[in-house]
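Undergrad: This is the structure, below, for whatever I ask next.
The values are calculated or read from the model by the stated rules, or taken from the named source; none is laboratory data. Treat the numbers as computed from the prediction; the structure is a model and nothing was measured. Positions of Cβ are generated from backbone atoms using ideal geometry, with glycine treated the same way; all protein chains shown enter the neighbour counts. The area values use the complete protein model at the heavy-atom level, side chains included, leaving out ligands, DNA and RNA. Shrake-Rupley method; radii C 1.70, N 1.55, O 1.52, S 1.80 Å.
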Amino acid sequence: MTSKKLDDYDWTKNRLKYLFDNVKDWKDDLVYTEYLGIWSMKKLIALDYYIEPFVKILRKNNFKKWVFVDPFAGSGLFKINDKFNFPGSPLIPLFRREQFHKYLLSDVNQKYINALNLRIKNFENIEILNNIEIKKIDCNKRINEIFSGSRPNNWKDIAYLVFLDSYGLDISWDNMARILNSGPVDIIFTFMTWGIVRNKNIIQSRPKLNKFFGDIHWQSLSKQDDFVEYYCKKIQKFGHYKKYKTYNIAIENLKGNRYDLILATQSEGGANVLNDLRKKIESINPKMIEGAFSVARGEQRQISEFY
Ligand SMILES: C[S@@+](CC[C@H](N)C(=O)[O-])C[C@H]1O[C@@H](n2cnc3c(N)ncnc32)[C@H](O)[C@@H]1O
């Protein structure tokens, strides 16, 4: 194994171990968020990676407050191999040293919301608990509540990190535009590339895709890369401070289905970090994650098995 691969492997193992160790002993009879395969850990690693530099950049630039928004929060935990707890996106920012002033967590599934409400009680820090708001609500309604859709009067009053992790085409383009128009907002977005390609020729899916893209140009596209590129280009037209920069990471599951993680920011510092993040996440593959996770949870296996 090359030393670069070994570094990537160690890096992945340490990140996974840190996240796993925080929840491995949590025990409850509550529901778990549906787990879609080890590959989906990549987006959680990406979120975890970005939090600290995101907050540091805001602090350095004298922003007053920063808020984490997760409108597809799930239940807070996954169960891997029917055995191992792993934290979902709403919990990940709570483990890191750099805290947000508010955590706005929501989901449409009442059972997930109930479970999340109980699970956050594992955090004993009252100050953090007071800053968490959990709601059962549709993502588009929640986005309308949180984001004004216009430039804030005081740019540095409040910045947002928004994690948009839907299963499908839930976010309308109007609401994506609303987020992008609302000031200093960074976005990590799960783009269901394979689902779009699968649905593109199905007549009944057209209205949903029109709403998702906000126009009908997608109808003339055919390749997976074209859909992602087109969506990113639309994001890049926004930005009050500077135009948005986007980075996308193609992630395939073991069946070869692809989704892309689209990362977007107006901040130059944020863009540098997101670019590094993209390279890092691209260098780790599902097998590496599987191996790193099994070593992270203390099972003795040879690293060489994973290549
Ligand atoms: C991929 S899961 C999110 C997993 C979560 N981000 C995590 O890392 O643990 C997608 C979530 O979106 C929720 N969902 C689906 N449609 C929704 C909608 N229209 N509004 C809000 N939540 C929705 C589902 O209940 C599910 O919990």
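Undergrad: Based only on Cα atoms, what mean projected area does the convex hull of the stretch 111-160 have, in nm²?
TA: Details: hull surface 19.0 nm².
Over all viewing directions, the stretch 111-160 projects a mean Cα-hull area of 4.7 nm².
Undergrad: Residues of the stretch 119-139 with backbone nitrogen within less than 15 Å of a virtual label 7 Å along the Cα-to-Cβ line of ASP25, please, listed as ranges.
TA: The answer is 122-124, whose backbone nitrogens lie closer than 15 Å to the label point.
Undergrad: Using packing as a proxy for protection, rank 249-261, 173-185 so that the peptide with the highest average count of other Cβ atoms within 10 Å comes first.
TA: Numbers: 249-261: 16.9, 173-185: 20.2.
Packing order, densest peptide first, comes out as 173-185, 249-261.
Undergrad: Tally Lys/Arg at +1 and Asp/Glu at -1 over every other residue whose Cβ is under 13 Å from the Cβ of ASP138; what's the total?
TA: Numbers: positive: LYS135, LYS136, LYS141, ARG142; negative: ASP107, GLU145, ASP170.
Around ASP138, the surrounding residues sum to +1.
Undergrad: Follow-up question, since we're still on this one. Could you give each residue of the stretch 11-25 its phi-based ³J(HN,Hα) in whole Hz, using Karplus coefficients 6.51, -1.76, 1.60 with θ = phi - 60°, and x for Gly or Pro?
TA: Here the 3J(HN,Hα) series is 4, 4, 4, 5, 5, 5, 5, 4, 5, 5, 4, 5, 10, 4, 9 Hz.
Undergrad: State the antiparallel share, in %, of DSSP beta bridges confined to the stretch 3-306, rounding to the nearest 5.
TA: Values: 17 of 36 bridges.
Expressed as a percentage, antiparallel bridges in the stretch 3-306 total about 45.
Undergrad: If you don't mind, there's one more thing I want to ask. To the nearest 20 debye, what charge dipole does the chain have about its Cα centre, counting +1 at the Cβ of each Lys and Arg and -1 at the Cβ of each Asp and Glu?
TA: Details: 49 positive and 36 negative charges, 118 e Å.
The calculation lands at about 560 debye.
Undergrad: Ignoring ligands, DNA and RNA, what percent of the 1.4 Å accessible area of the stretch 208-261 is carbon and sulfur? Working shown, then result.
TA: Details: 1460 of 2960 Å².
Carbon and sulfur: 49 percent of the exposed surface of the stretch 208-261.
Undergrad: Report, in deg cm²/dmol and to the nearest 500, the calculated mean residue ellipticity at 222 nm for the chain, where each DSSP H run with n ≥ 4 adds -39500 (n - 2.57) and the sum is divided by the residue count.
TA: Values: 12 runs with 130 residues, N = 307.
After summing the helix terms and dividing by the residues of the chain, the value is -13000 deg cm²/dmol.
Undergrad: While we're here: What is the gain in length, in nm to one decimal, between ASP7 and LYS279 on full extension, counting 0.36 nm per residue of separation less the C-alpha to C-alpha distance? Write out the running numbers ahead of the final one.
TA: Details: separation 272, 0.36 × 272 = 97.92 nm, distance 1.33 nm.
Here the answer is 96.6 nm.
Undergrad: Check LEU164: other-chain or 5+ apart residues with amide H under 5 Å from its amide H, H built from backbone geometry?
TA: ILE188, PHE189, THR190
Undergrad: Can you give the accessible area per residue of the chain, in Å², using a 1.4 Å probe? List each step's numbers first, then the result.
TA: Working: 14380 Å² over 307 residues.
Value for the chain: 47 Å² per residue.
Undergrad: Follow-up question, since we're still on this one. Using square roots of five times the C-alpha gyration tensor eigenvalues, list the equivalent-ellipsoid semi-axes of the stretch 84-203 in whole Å, biggest first. Please list the in-between numbers first.
TA: Numbers: eigenvalues 135, 91, 33 Å².
So the equivalent ellipsoid measures 26, 21, 13 Å along its semi-axes.
Undergrad: Bin by bin, in steps of 20 Å, what percent of the Cα pairs in the chain do you find, going until the bin that has the longest distance?
TA: 32, 60, 7
Undergrad: Given the pairs LYS56/LYS111; LYS136/LYS243; LYS17/LYS287; LYS24/LYS111; LYS136/LYS234, which are separated by over 24 angstrom at their Cα positions? Write down the numbers at each step before the final one.
TA: On the way: LYS56/LYS111 35 Å; LYS136/LYS243 33 Å; LYS17/LYS287 16 Å; LYS24/LYS111 21 Å; LYS136/LYS234 30 Å.
In this structure, LYS56/LYS111; LYS136/LYS243; LYS136/LYS234 exceed 24 Å between Cα atoms.
Undergrad: Between ILE203 and ASN272, how many nm apart are label points set 7 Å from Cα along the C-beta direction?
TA: 5.4 nm
Undergrad: I need two numbers for the stretch 1-153: Rg to one decimal and Dmax as a whole number, Cα atoms only, in Å.
TA: When restricted to the Cα atoms of the stretch 1-153, Rg and Dmax are 16.5, 53 Å.
Undergrad: Please report, in Å, the Rg and the Dmax of the stretch 209-307, where both are computed over Cα atoms only.
TA: Rg and Dmax of the stretch 209-307, Cα atoms, are 17.6, 53 Å.
Undergrad: While we're here: Along the positive direction of the dipole of the chain (beta-carbon charges: Lys, Arg +1; Asp, Glu -1; about the Cα centre), which of GLN204, TRP26, ILE113 reaches farthest?
TA: GLN204
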